[in-house]
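First the structure, in the form of structure tokens, and then the observations on it.
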Amino acid sequence: MLTQEVILMIKQLKKASAKNKAPIWSKLAQLALKPRSVKRVVNLTKINSLTKENDVVIVPGKILATGNIDHKITLSSFSISNSAAKKIIESGSKILSFSEIIEKIPNGNGVKLIG
């Protein structure tokens, strides 16, 4: 079942995709519609190995705290465990909402999808 928050996020992503001609936001909207049982789960170890300093990363699923991040990134996800959020912030990285990432990078260029 979709919450009002998820429905609002999907509308925002679709609008940003059309306005900025950025297919990445449309893809994220489609992924948000999937049931929780098929959404991806990604550990910090995987994010750390697939990113480099100052990357902008979106995980269309949940981020768990196994591992660490040893460089600064900007990150957004459908869900982040409390312990993963703490480790991300301690690494000097930023956790932003989808609206903040869309505002920062409207065309989606350079944004990495992991998961």
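The values are calculated or read from the model by the stated rules, or taken from the named source; none is laboratory data. Just so it is clear, the structure is predicted and the values come from calculations on it, not from any experiment. Neighbour counts run over all protein chains shown; Cβ positions are idealised from the backbone, glycine included.
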Filtered residue count, segment 52-62, keeping only those that are within 13 Å of the chain's Cα centre (by Cα) and in a loop (DSSP other than H, G, I, E, B): 1
Any hit, segment 30-40, residues being within 12 Å of Ile114 (Cβ to Cβ), part of a strand (DSSP E or B) and in contact with a Gly (Cβ under 6 Å, 6 or more places away or on another chain): yes
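Please pick out the residue among Asn54, Asn48, Asn20 that is exposed (fewer than 15 other Cβ atoms within 10 Å of the Cβ) and of a type outside the set (Gly, Ala, Ser).
Among Asn54, Asn48, Asn20, only Asn54 is exposed (fewer than 15 other Cβ atoms within 10 Å of the Cβ) and of a type outside the set (Gly, Ala, Ser).
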Output for segment 88-115, where each listed residue is outside any loop (DSSP other than H, G, I, E, B) and surrounded by fewer than 18 Cβ atoms within 10 Å (Cβ to Cβ): Ile89, Glu90, Lys94, Ile95, Ser99, Glu100, Glu103, Lys104, Lys112, Leu113
Of the criteria (1) buried (at least 16 other Cβ atoms within 10 Å of the Cβ); (2) more than 20 Å from Leu2 (Cβ to Cβ), which one Ser83 fails: (1)
Sole exception among (1) within 16 Å of Phe78 (Cα to Cα); (2) modelled with pLDDT of 95 or more; (3) hydroxyl-bearing (Ser, Thr, Tyr) for Ser37, by number: (2)
Every residue from segment 63-79 that is modelled with pLDDT of 95 or more, hydrophobic (A, V, I, L, M, F, W, C) and in a strand (DSSP E or B): Ile63, Leu64, Leu75
Inter-residue pairs, beta-carbon under 6 Å, first closer than 20 Å to Glu100 by Cβ and in segment 47-63, second polar (S, T, N, Q), 6+ apart: Val56/Thr74; Val57/Thr51; Ile58/Ser76; Val59/Ser77; Lys62/Ser79; Ile63/Ser77
Looking only at segment 48-73, and only at residues there that are of a type outside the set (D, E, K, R) and out of contact with any helix residue (DSSP H, G or I) (no Cβ under 9 Å at 6 or more places or on another chain), the one that is farthest from Met9 (Cα to Cα): Ser49
Enumeration of residues in segment 41-85 that are among the basic types (Lys, Arg) and within 10 Å of Ile114 (Cβ to Cβ): Lys46
Test result for Gln30, within 21 Å of Gly108 (Cβ to Cβ) and modelled with pLDDT under 95: yes
